[in-house]
Every structure is written in C-alpha cells, then in structure tokens.
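Enquirer: Provided herewith is a single structure, encoded as structure tokens, for subsequent inquiry.
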Amino acid sequence: MIDYNDKPSLFGKTSKKKSNPVRIFILLVLILAGLFVIRGVNLGAIKPMINVTPTPTRSLNSYALEGQTHFQAGNLEKAIEAYKRAIEISPGDTVLRADLARIQVYSTSQITVDADKKVRLDEAIATIDAGLEIDPQNSMLFAVKAFALDWYGSSGIAGENWQEYLIRGEQAAVEALQYDNTNALAMAYYAELLIDQLKYAQAQQYINQALETDPSLMDVHRVNGYVQEASTNYTQAIEEYQKAIAITPNLNFLYLSLGANYRQLANTAVITSEKNYYFELALEAFAKAVAINDQLGVNDPLPLISIANTYVQQGEFFAAARNVLRAIQFKPEDPTVYGQLGIVYYKARNYEGSILPLRCAVRGCTAEESCLVRNGGEECDPENTPSIPITGLELTNNSVTYYYFYGSVLAGLHQATNGYCEEGMKVFDEITAVFSADETIMSIVKEGVAICNFYGFR
C-alpha cells in the first residue's frame, strides 16, 4: 500500500501532522467548489481562463464531397488529391477507390506525353487492384478496370502489346456484368472496348443496353458519342456529347470530342458556307475547353492545339502558330507541343522553320534551342528566361507523326552542304523497324527514302 503522505508535494515535502477537523472541512469545501467550476465549464456557463482551440480534422465525407465538386468543376488533379485523402482515412472503402480510379483514367485526357499517361494509368489500375483485394467481386471496380485497360491499350502507350490490354479489359467488363448485370457503366465501358476492336455491332448493342439502364450517366452518353463517331455518324455523336456536357458541363475533354466531330462535318461538307459554319462551331467548342482551363488555372495545351489544327485546316497558319506558341507557354517542357508547332510550320511551307521544333520533339534539344522555339525564333534573355532542355519522344503510335514529318522535311531540304539526309535516313529506319506493316506510314517513309536515295544515301 502506498502512503501518499510520504510523497513530495510541488511545494516541498509534506509533514506527518495529525488530522485536524477544521482543515478537513476546508479541504472538502475546496473540492466541492472545484467540481462546481468544472461542471460549469463543461456546461458552458463558465468560460475557462485558457481557451484551447481544438485542431480541426477533416472527415471522410468532406474529402469525398470535395473530390466530387472538383470533378464536376473540371479540375481533375484536385479531385484526385481529395479522393486520395479520403482513402487515407478509409482505405477499405471500395466506392472511393472506384471513383478515384475513374477520375485518374479521365485525367489522362489532359496529358500529352505517353510516358506520363502510362504512369497515371498504372496508378489507376493499382487503385483498382487494391480495392479488389478487399472485395474480389466488386462489379464497379471491375467496370472501371475495363475502362482503364481500354485507355491503356488504345492510347499508344502499350506498344506491340496493346491488344492484350483490350482483351484483359474485355475480361474485366464481363466479370463486372457477371457480378451485377444492371451495371450501366460496365456496359458502356464494354462498348468502348468493342469499338476499339472494330466490333461495331456488338458495341452498339451494349451501349444501347447502357442507355436503357441508366441514361443519366455522363459516361454512357460519352461512350455512345464515341461509338457514333467511330461509325462516322458525326451528327449523332455531337448530340450524345452535348447530352454528356449537359450532365457534367465543365469537363474539357467532352468539348474536345464535340469540336472534333464538328470538324469532321466541316471536312465532309461540300458547300463552303456549310464548311465554315462547322469550323466555327468546332472553334467554339475548343474555346470553351480553353475557358474552363483558364478559369481553373489548369495548364492544359490540348484545347489550344485543337484550335491550331482547326486553323490549319482552314489555311490560317498564323492563327494556328499563335495558339501553339501559347500552348508551349503552358507546357514548355513538353516535346509534343514542339512537334505540333513543327507540323504547323511545315504545313505553312515554312520548311526551314519546322526543323528545330520537330527535332526538339523527336531527338530533344538544348535549353537555348527550346528557348528559340518558344520565343518565335528570337534569342531569349538567359537571365529572365527559364532554362528548359527538351527530351525527345519515344517512337509510338502517338509520336510517329512527328518522326515522319521530321524525316520528310530533312529529305526535302537536303543539300550537300547540310547533309540532312544522313539524319533523315536514320529516322526512316527507326520508323520502318516499328511500323513496317502500316501502309499509310510506310508510303510517306518511302517517298522520303527515295529522295535520299537520289542523293546517294542508302
């Protein structure tokens, strides 16, 4: 038994004096007064002398709501961040994981470099697989996995194995529907996978089922727009993208798809006034995407590149170049934007001017060279201009255009004094090693090779 009389007090040692009734009475009064004060503080009747502010904590629901809000606003990166915070609080929540992975996939629509797309899609698949470890029969997780694998296989990042990803995506879609045959998202993503495998009739069947099951979903109308677009039903595709926009009006990739279909109508129009009308509608759609990005502070070059490509088709090369140069300011480290500028210069017949931006895209370039491109051909002030060397793009489905434009301009401008064909033939050999089965690409390569052969290059 501990004798507390032997314990030292804060003011020194206690002495062992005999009990005093008066002292005991006073002590009891003090204790009761203390309890009264404590009770008053707890009830709010008495304010504590020191008011400690509690550290605020965010709830799971607040982060999830924030993520939903950012997605609706079109700010996908902030939506991803919020959902990740929510999952940190509740790592076993499979609904959160499905929502996060879906947004991660959609966010690749704002990424231009294949390697960066791959990283993000890998993250999405990892998010899904972690959820499937918790719930191996979760229909929604399998549906979103089908979505992720489809974009992995059709985005040019999977290389020669792209078909394997589509097959795996199909398997995931089938499993999703096995666990829940009313899952409209699974039906829609399955239709998207089928379109990417040129199975048009099956795709239409599944997207029709999705529309019957739940026509309120943005994804269902987006995919139906994609199905109609792939079937060259551009007017119907436009209607579906407009329905998707009506549901979620701030997603810039929907406006890019809408504008692309208006541009297709312009390309197929015979009457000049009709052609110009559709081009203007395309530009309006792309401008809406730019406005959304500007409002959110999102530095996404793709809407500006879409505007530039539209101006190129109209023969307005100055306007096209101006928009690409603005896009470069958003992503000065992105080689794809340099490649786009090179193509604009090439189509404007500024062949010499196209070489450097195309080389930046294909081979990379120094900080001084990238600055020349960004500054419209003028030297930059090194003290006030960021030093940004560019790393060239790997040869993929998405980058091959820059490669054959680069090789073609080198072949076309070859002279004995510049030796352009030496580099041009290397580019053509690289393209041939990967795309020998693609007749369209190889026809371009053969033209360039023939020119260089004429000059003695083999």
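Enquirer: If Q329 satisfies every condition in (1) in contact with a Cys (Cβ under 9 Å, 6 or more places away or on another chain); (2) at pLDDT below 95 but one, which is the exception?
Expert: (1)
Enquirer: Considering the range 107-119 alone, what residues qualify as being in a helix (DSSP H, G or I) and either of a type in the set (A, V, I, L, M, F, W, C) or in contact with a helix residue (DSSP H, G or I) (Cβ under 6 Å, 6 or more places away or on another chain) (or both)? Walk me through how you get there before you give the answer.
Expert: Initial filter on the range 107-119 (in a helix (DSSP H, G or I)): 107-110, 114-119.
Those that are in a helix (DSSP H, G or I) and either of a type in the set (A, V, I, L, M, F, W, C) or in contact with a helix residue (DSSP H, G or I) (Cβ under 6 Å, 6 or more places away or on another chain) (or both): S107, T108, S109, A115, K117, V119.
Enquirer: Read through the list (1) more than 18 Å from R222 (Cβ to Cβ); (2) in a helix (DSSP H, G or I); (3) modelled with pLDDT of 95 or more; (4) not small (G, A, S), then give the number of the only condition that Q163 fails.
Expert: All conditions are met except number (3).
Enquirer: OK, next. Failed condition for K446, given (1) under 30 Å from W151 (Cβ atoms); (2) free of Cβ contacts under 8 Å to residues at least 60 places away in the same chain; (3) surrounded by fewer than 22 Cβ atoms within 10 Å (Cβ to Cβ), with all others met?
Expert: Going through (1) under 30 Å from W151 (Cβ atoms); (2) free of Cβ contacts under 8 Å to residues at least 60 places away in the same chain; (3) surrounded by fewer than 22 Cβ atoms within 10 Å (Cβ to Cβ) one by one, K446 breaks only (1).
Enquirer: Then there's this: Can you list residue pairs whose Cβ atoms sit under 6 Å apart, with the first residue in the range 144-156 being more than 11 Å from L194 (Cα to Cα) and the second being among the aliphatic types (A, V, I, L, M) and outside any helix (DSSP H, G or I)? Count only pairs 6 or more apart in sequence or on different chains.
Expert: Y152/A158
Enquirer: So is G297 closer than 29 Å to L393 by Cα and buried (at least 22 other Cβ atoms within 10 Å of the Cβ) or not?
Expert: no
Enquirer: Pull out all pairs, ordered by first then second residue, where Cβ-Cβ is under 7 Å, the residues are six or more apart or on different chains, the first lies in the range 336-361 and is free of Cβ contacts under 8 Å to residues at least 40 places away in the same chain, and the second is charged (D, E, K, R).
Expert: Matching pairs, first to second residue: L356/E369; C360/E369.
Enquirer: When you go through S139, S90 one by one, which is the residue that is over 25 Å from N252 (Cβ atoms), out of contact with any strand residue (DSSP E or B) (no Cβ under 8 Å at 6 or more places or on another chain) and surrounded by fewer than 18 Cβ atoms within 10 Å (Cβ to Cβ)?
Expert: Result of the check over S139, S90: S90.
Enquirer: Out of all the residues in the range 354-365, which are part of a helix (DSSP H, G or I) and surrounded by fewer than 20 Cβ atoms within 10 Å (Cβ to Cβ)? Show your work before the answer.
Expert: In the first step, residues of the range 354-365 are kept if they are part of a helix (DSSP H, G or I); the result is 354-362.
Listed by number, the list holds a single entry, L356.
Enquirer: Taking the residues in the range 366-412 that are free of Cβ contacts under 8 Å to residues at least 24 places away in the same chain and aliphatic (A, V, I, L, M) as candidates, determine which candidate is surrounded by the fewest Cβ atoms within 10 Å (Cβ to Cβ).
Expert: Per the criteria, the residue is A367.
Enquirer: Here's a follow-up. Which of the residues belonging to the range 153-188 are aliphatic (A, V, I, L, M) and buried (at least 17 other Cβ atoms within 10 Å of the Cβ)?
Expert: From the range 153-188, those aliphatic (A, V, I, L, M) are 157-158, 166-167, 172-174, 176-177, 184-188; that's our starting set.
Once the filter is applied, which keeps residues that are aliphatic (A, V, I, L, M) and buried (at least 17 other Cβ atoms within 10 Å of the Cβ), the range 153-188 yields I157, A158, L166, A172, A173, A176, L177, A184, L185, A186, M187, A188.
Enquirer: Checking the condition closer than 30 Å to G392 by Cα, out of contact with any Pro (no Cβ under 7 Å at 6 or more places or on another chain) and not in a helix (DSSP H, G or I), which residue from I157, I125 passes?
Expert: On the way: I125 fails: not in a helix (DSSP H, G or I).
One residue alone meets the criteria, I157.
Enquirer: Given the conditions (1) in contact (Cβ under 8 Å) with a residue 60 or more places away in the chain; (2) surrounded by fewer than 24 Cβ atoms within 10 Å (Cβ to Cβ); (3) under 26 Å from the mean Cα position of the chain (by Cα), and given that E333 satisfies all but one, which numbered condition is not satisfied?
Expert: For E333, the failing item is (1).
Enquirer: May I ask you to say which residue of Q171, Q204 is over 24 Å from R263 (Cβ atoms) and in a helix (DSSP H, G or I)?
Expert: Testing whether each residue is over 24 Å from R263 (Cβ atoms) and in a helix (DSSP H, G or I) leaves just Q171.
Enquirer: Would you mind listing the helices (runs of 4 or more DSSP H) fully within the range 215-304 where at least 1 residues are under 21 Å from A320 (Cα atoms)?
Expert: Numbers: elements: 218-230, 234-247, 252-268, 272-296.
Passing ranges, in order: 252-268, 272-296.
Enquirer: Ok, one more. Going through I247, I271, I292, I307 one at a time, which residue ends up being touching a Pro at 6+ places or on another chain (Cβ under 9 Å) and not basic (K, R)?
Expert: Working: I247 fails: touching a Pro at 6+ places or on another chain (Cβ under 9 Å); I271 fails: touching a Pro at 6+ places or on another chain (Cβ under 9 Å); I307 fails: touching a Pro at 6+ places or on another chain (Cβ under 9 Å).
Answer to the selection: I292.
Enquirer: Given the criterion of a type outside the set (S, T, Y), modelled with pLDDT of 95 or more and either surrounded by fewer than 20 Cβ atoms within 10 Å (Cβ to Cβ) or farther than 24 Å from L254 by Cβ (or both), identify the matching residue among D122, D150, D116, D99.
Expert: On the way: D150 fails: either surrounded by fewer than 20 Cβ atoms within 10 Å (Cβ to Cβ) or farther than 24 Å from L254 by Cβ (or both); D116 fails: modelled with pLDDT of 95 or more; D99 fails: either surrounded by fewer than 20 Cβ atoms within 10 Å (Cβ to Cβ) or farther than 24 Å from L254 by Cβ (or both).
Of D122, D150, D116, D99, the one residue that is of a type outside the set (S, T, Y), modelled with pLDDT of 95 or more and either surrounded by fewer than 20 Cβ atoms within 10 Å (Cβ to Cβ) or farther than 24 Å from L254 by Cβ (or both) is D122.
The values are calculated or read from the model by the stated rules, or taken from the named source; none is laboratory data. Everything quoted here is computed from the prediction, not taken from an experiment. Cβ sites come from the backbone with ideal geometry, for glycine too, and all protein chains shown count toward neighbours.
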